[in-house]
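Have a look at the structure below before the remarks.
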Amino acid sequence: MQLFINTYGTYVHVKDEMFEIKLKDPAENQKRINHMAAKKVTSIVMAKGAALSTDAVALALKHNIDIVLVDHNGHPMGRFWHSKLGSTTKIRKEQLRSSLDDRGLKYVRSWLIQKLENQADFLQDLKKHRKKLADELDASTDTILGYRTKIKELQADDVLSVAETLRGWEGSAGRTYFDALSKAIPENYRFKGRSFRPAVDPFNAVLNYAYGILYSRTERALMLAGLDPYVGFMHRDDYNTKSLVFDYIEAYRIYAERFVFKLFSRKKINKDHFKEIANGIQLNDEGKAFFVNPYLEYLDSEKIRYQGRLQTRMNAMQLSAHKFANELIKSI
């Protein structure tokens, strides 16, 4: 499981070769203490305002547990890794080469096609219980699949020469998709397109937080497969930008979108879960606590069918990352 520490004043250290988590309980003016066996933990995610002892860091490294520091939106700011990532030089060399030739375009096409097909499938699922929106959802689906066809048919010698075109089509499909989602949720939660950091509405605030957690999980899957998260294909290679994470996550954003949409469609989220910030809103501590555990269970425990077998969503992502890395080596 993933150990998620987002309560201010929490302290994590080691006792009897286990993680001991001390949480402040303002209501009772005392501390609560929990213990977690290292073998049960895959990663530790910590928000600012919590503390981790060096003994806890050492125990995490000993058991191949990565430690991630995240900001208030759940986006990873930095990460402690064990020194042996299991990567090979061949994988990263071929990753770099493929980013400069037609293989890069092949991979980007496959990720974007999957993303747009996921969006279309979701809209069709929503149509089953929203008969009044059937025609609009069908029209949006057709528009998205139209961009899917354009991406599928695009040919070039490398992805760099067509990256702007791909980003344009992806963005246009996304605007159609989120406009349809807004119409499908209860009226008081409707929103005007995507807003990032800061979000200007509750739906985008929760979705941004869900994406942030998914970014961290995507980076971990790529690194465990021996891939370099900074060497991407479609997203820009700006300074300190994990371009491959942004490329690779596209096919998996649907995990966050389906989960967040369900919360709003079932009216599980309320105004008490948010706080106002400059130029927008975000989840407050209560909202994060409400959201995190069910979302992690959805990612780490619920099973989906992947290549003929039942896997958790995160296992499916990890297996796919290893498959991608193996394909790079086989292409030599």
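Since every read-out is calculated from the coordinates, none of them should be taken as a lab result. What you see is a predicted model; the values in this text were computed from it and never measured. Here Cβ is always computed from backbone atoms with ideal geometry, including for glycine, and neighbour counts include all displayed protein chains.
Couple of notes before you dig in:
- Here the relative contact order of the chain, from alpha carbon pairs under 8 Å that lie six or more residues apart, stands at 16 percent.
- For the range 30-60, trypsin sites (Lys or Arg not before Pro) meeting the loop criterion (DSSP other than H, G, I, E, B) and having at most 16 other Cβ atoms within 10 Å: Lys48.
- The distance between label points at Ala51 and Arg175 comes to 5.0 nm (points 7 Å beyond Cα on the Cα→Cβ vector).
- Within the range 2-80, the proportion of Cα pairs with more than 20 Å between them is 27 percent.
- Kirkwood-based Rg to Rh ratio, the range 100-220, C-alpha trace: 1.01
- Think of it as helices only: each DSSP H run of n ≥ 4 in the chain is worth -39500 (n - 2.57), and spread over all residues that comes to -16500 deg cm²/dmol at 222 nm.
- Multiplying the residue separation of Asp272 and Thr88 by 0.36 nm and subtracting their alpha-carbon distance yields 61.4 nm.
- Difference of contour (0.36 nm per residue) and Cα-Cα distance, His63 to Lys31: 8.8 nm
- Added length on full extension, which subtracts the Cα-Cα distance from 0.36 nm per residue, Leu154 to Ser110: 14.7 nm
- Mean Cβ count within 10 Å, highest first, over the residues of peptides 102-110, 198-206, 135-143: 198-206, 102-110, 135-143
- The Cα trace of the range 169-276 gives Rg and Dmax of 15.3, 45 Å, the first to one decimal, the second as a whole number.
- Each 20 Å bin, from zero up to the one with the longest distance, holds this percent of the alpha carbon pairs of the chain: 28, 57, 14, 0.
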